[in-house]
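What follows is a set of notes on a single structure, which appears directly below.
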Amino acid sequence: MEIRIEHLTKDYGKTRALSDVSLTIQDGELFFLLGPSGCGKTTLLRSIGGFEQPTSGRIFLGGEDVAGKPVHERNTAMVFQGYALWPHLTVRENVAFGLEMQKLPKAEVTRRVDQALRDIQISELADRKPGQLSGGQQQRVALARTLVVHPGCLLLDEPLANLDAKLRRDMRLEIRRICKENHLTAIYVTHDRAEALSMADRLAIFRNGRIEQIGTPEDVYRHPVNAFVANFIGETNLREGTIAHFRADGSAVVETALGNLVCSTVPATRKPGEKVLLSMRPEAFRKCDAKEENSFTMTLRHIDYLGELADQIGETADGKLHKFFEINPRGRAVPGTVIRLSIAPEDIICLNDNG
């Protein structure tokens, strides 16, 4: 099912939750709505599902304008953060509930419930009640209950928020598998960037009711349009600079407080003398022993040893703090140590605006 949103606005009194939002979600796509609390992502999800009525704009599900249609006529199914399982019903009865409300023949209900339980790999839990299940098992039941009605679109509102870190990682893979095997168009709301980066086909970053950027996880992470997106989708170091000149290979030399940095992502439309804002991810740096292109020194001020990496904060010569990840660190770094780092020209991202 393709989903098309055209100029959607939603007001709650004098508060604007969504402001002229337009986007298209392709059939079979796992699409994420990502942003801080209160940015409008859940309002958009609930508007698609029919739980909220927009102030203006249009929503098309599979080419059909669903303005004014109630929830049960939209061919969507929603998985809530709290799972919303009936505590007095067994797993089988919970999964069958929606089909029984549709008054399907008993044999058809049984067939589809058995299939859903097999697909979600919880057949052995069929006779248990929700209170006898772990959080991950309850999550699977909630998914089975939505899939059994064969929705054209699956809506997920922070479904993993109540699970521990390891179970969240396991369920990411499970939800993506289920969506792809059933060719479901799925819209997933979260503020967890790891969920979005690891699961999404594409994602939209929201702020203050507007979309800041849409793209694949790789596009948004590697090429954020502004400082807000760069900081929200991952950690970064921001540096202001001035374009000195362009080199024959198309890269730009940018004057910064760290010294001249060669950056291959400055658009050719920019001019020498223009101010730019550069984004440099902590993992993009490497230690080097001698002065080389795109290198600078910093004095270590704080080190968090995390096993697979050391999360380090240093102070550069101009007095600013700078974050650096050392992958597979050998030995403990010591605060006060002076180190030299370098970064490749393609890993210095010239942002479109300061955001």
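Whether any residue in region 59-74 is buried (at least 17 other Cβ atoms within 10 Å of the Cβ) and small (Gly, Ala, Ser) is what I want to check.
The answer is no; no qualifying residue exists.
If we scan region 14-27, do we find a residue that is crowded, with 18+ Cβ neighbours inside 10 Å, closer than 26 Å to Glu181 by Cβ and modelled with pLDDT of 95 or more?
Yes, region 14-27 has at least one match.
Got at least one residue in region 118-128 being under 30 Å from Gly63 (Cβ atoms), more than 17 Å from the chain's Cα centre (by Cα) and at pLDDT 90 or above?
no
Does at least one position in region 243-251 carry a residue that is within 30 Å of Phe206 (Cα to Cα), of a type in the set (Gly, Ala, Ser) and surrounded by 15 or more Cβ atoms within 10 Å (Cβ to Cβ)?
no
One line per residue, one yes/no per condition, for (1) of a type in the set (Val, Ile, Thr); (2) touching a His at 6+ places or on another chain (Cβ under 7 Å); (3) modelled with pLDDT of 95 or more:
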{"position": "Val225", "(1), (2), (3)": "yes, no, no"}
{"position": "Val254", "(1), (2), (3)": "yes, no, yes"}
{"position": "Pro267", "(1), (2), (3)": "no, no, no"}
{"position": "Ser279", "(1), (2), (3)": "no, no, yes"}
{"position": "Lys291", "(1), (2), (3)": "no, no, no"}
{"position": "Met298", "(1), (2), (3)": "no, yes, no"}
{"position": "His302", "(1), (2), (3)": "no, no, no"}
{"position": "Leu309", "(1), (2), (3)": "no, no, no"}
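Wholly within region 1-88, which strands (runs of 3 or more DSSP E) include no fewer than the required count, namely at least 2 residues that are in contact with a helix residue (DSSP H, G or I) (Cβ under 7 Å, 6 or more places away or on another chain)?
Hits in region 1-88: 3-12, 15-25, 30-34, 76-79.
Restricting to region 187-210, name every residue that is of a type in the set (S, T, N, Q) and either buried (at least 23 other Cβ atoms within 10 Å of the Cβ) or under 30 Å from Asp11 (Cβ atoms) (or both).
Scanning region 187-210 gives Thr190, Asn208.
Determine, yes or no, whether His223 is outside the structural domain of Glu346 (by TED's automatic domain parsing) and either in contact with a Gly (Cβ under 6 Å, 6 or more places away or on another chain) or not polar (S, T, N, Q) (or both).
Against the criterion (outside the structural domain of Glu346 (by TED's automatic domain parsing) and either in contact with a Gly (Cβ under 6 Å, 6 or more places away or on another chain) or not polar (S, T, N, Q) (or both)), His223 qualifies.
Report whether or not Gly98 is of a type in the set (Gly, Ala, Ser) and closer than 21 Å to Leu163 by Cα.
Considered against the rule, which asks whether it is of a type in the set (Gly, Ala, Ser) and closer than 21 Å to Leu163 by Cα, Gly98 comes out as no.
Here is a list of conditions, (1) at pLDDT below 90; (2) touching a Lys or Arg at 6+ places or on another chain (Cβ under 9 Å); (3) not hydrophobic (A, V, I, L, M, F, W, C), and Lys103 meets all of them except one; can you say which number that is?
(2)
Just to verify a result, which residue in region 81-109, among those that are under 19 Å from Pro151 (Cα atoms) and loosely packed, with under 14 Cβ neighbours inside 10 Å, is farthest from the chain's Cα centre (by Cα)?
Step by step, filter region 81-109, then rank; the result is Pro105.
Quickly run through region 75-92 and pick out the residues that are hydroxyl-bearing (Ser, Thr, Tyr) and closer than 26 Å to Leu45 by Cβ.
Answer for region 75-92, where residues must be hydroxyl-bearing (Ser, Thr, Tyr) and closer than 26 Å to Leu45 by Cβ: Thr76, Tyr83.
Quick one: which of Arg270, Arg286, Arg330 is charged (D, E, K, R), closer than 17 Å to Glu235 by Cα, in the same structural domain as Phe246 (by TED's automatic domain parsing) and more than 24 Å from the chain's Cα centre (by Cα)?
Matching residue, one of Arg270, Arg286, Arg330: Arg286.
Go through region 211-225 residue by residue and tally those that are touching a residue at least 60 places away in the same chain (Cβ under 8 Å), under 22 Å from His322 (Cβ atoms) and buried (at least 19 other Cβ atoms within 10 Å of the Cβ).
Residues in region 211-225 being touching a residue at least 60 places away in the same chain (Cβ under 8 Å), under 22 Å from His322 (Cβ atoms) and buried (at least 19 other Cβ atoms within 10 Å of the Cβ): 1 in total.
Quick one: how many residues across region 50-79 are under 25 Å from the mean Cα position of the chain (by Cα) and of a type in the set (Asp, Glu)?
Count: 1.
The values are calculated or read from the model by the stated rules, or taken from the named source; none is laboratory data. Just so it is clear, the structure is predicted and the values come from calculations on it, not from any experiment. Neighbour counts run over all protein chains shown; Cβ positions are idealised from the backbone, glycine included.
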